[in-house]
Amino acid sequence: MTIKHSITCEGSDVLVHETDSNSYQVSIQSKSNPLGKGNVLETFTRLEEAIVAAEHFCKLHATAKEKGYYLENGHFVKPDRPKLHVGQLLNERKEPEQFLQLLEK
């Protein structure tokens, strides 16, 4: 897998990898474990989509963190609240304001 795009986000690296099947995975990797493969958040068919999703993820992650959510197995999680699937949020392109309303419901 080849890294096509990388950004720093909340103490982690968000990476876009090109896979062998000509798709692009957006993943998050801890800076404290740079040799790990990271956790895949979503897969896209176009590089441009994956890059936009990676950038968008950072905005959503910051908003979720403000409201006490954390990332676990591809979901934003908070005790006593429904899990929110990151891949679905990326595909829906929820803006941080829309996402904040969802978190506050």
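Which members of the stretch 82-95 meet the condition of being surrounded by 13 or more Cβ atoms within 10 Å (Cβ to Cβ) and either over 14 Å from LYS65 (Cα atoms) or within 13 Å of the chain's Cα centre (by Cα) (or both)?
Passing the criteria: LEU84, HIS85, VAL86, GLY87, LEU89, LEU90, ASN91, LYS94, GLU95.
Check the stretch 84-104 and report whether any residue there is small (Gly, Ala, Ser) and in contact with an Asp or Glu (Cβ under 8 Å, 6 or more places away or on another chain).
Within the stretch 84-104 (the criterion being small (Gly, Ala, Ser) and in contact with an Asp or Glu (Cβ under 8 Å, 6 or more places away or on another chain)), the answer is yes, since at least one residue qualifies.
Taking interchain pairs and intrachain pairs at least six residues apart, which have beta carbon atoms under 9 angstrom, with the first residue in the stretch 12-30 and part of a loop (DSSP other than H, G, I, E, B) and the second surrounded by 14 or more Cβ atoms within 10 Å (Cβ to Cβ) and among the polar types (S, T, N, Q)?
The qualifying pairs are THR19/GLN25; THR19/THR43; SER23/THR43.
Hey, could you check the stretch 25-36 for residues that are under 17 Å from THR2 (Cβ atoms) and open to solvent by 30 Å² or more (accessible area, probe 1.4 Å) and say which is modelled with the highest pLDDT?
GLN25
Given the conditions (1) touching a strand residue (DSSP E or B) at 6+ places or on another chain (Cβ under 8 Å); (2) assigned to a helix (DSSP H, G or I); (3) free of Cβ contacts under 8 Å to residues at least 60 places away in the same chain; (4) not β-branched (Val, Ile, Thr), which single one is not true for SER6?
(2)
For the stretch 31-56, name all the residues that are of a type outside the set (A, V, I, L, M, F, W, C) and part of a helix (DSSP H, G or I).
Scanning the stretch 31-56 gives GLU48, GLU49, GLU55, HIS56.
For the structure I just gave you, tell me whether GLU55 is touching a residue at least 12 places away in the same chain (Cβ under 8 Å) and closer than 26 Å to LYS105 by Cα.
Judged against the criteria, GLU55 is a match.
Hey, among ASN39, ASN73, ASN22, which residue is surrounded by fewer than 19 Cβ atoms within 10 Å (Cβ to Cβ), under 10 Å from the mean Cα position of the chain (by Cα) and among the polar types (S, T, N, Q)?
It is ASN39.
So, LYS59, is that one touching a Pro at 6+ places or on another chain (Cβ under 6 Å), outside any strand (DSSP E or B) and open to solvent by 80 Å² or more (accessible area, probe 1.4 Å) or not?
yes
The values are calculated or read from the model by the stated rules, or taken from the named source; none is laboratory data. Note that this is a predicted model, so its numbers are computed, not measured. Glycine also receives a Cβ, built like all others from the backbone with ideal geometry; neighbour counts cover every protein chain displayed. In case anyone asks, the SASA skips ligands and DNA or RNA and just uses the protein heavy atoms, side chains included. Shrake-Rupley method; radii C 1.70, N 1.55, O 1.52, S 1.80 Å.
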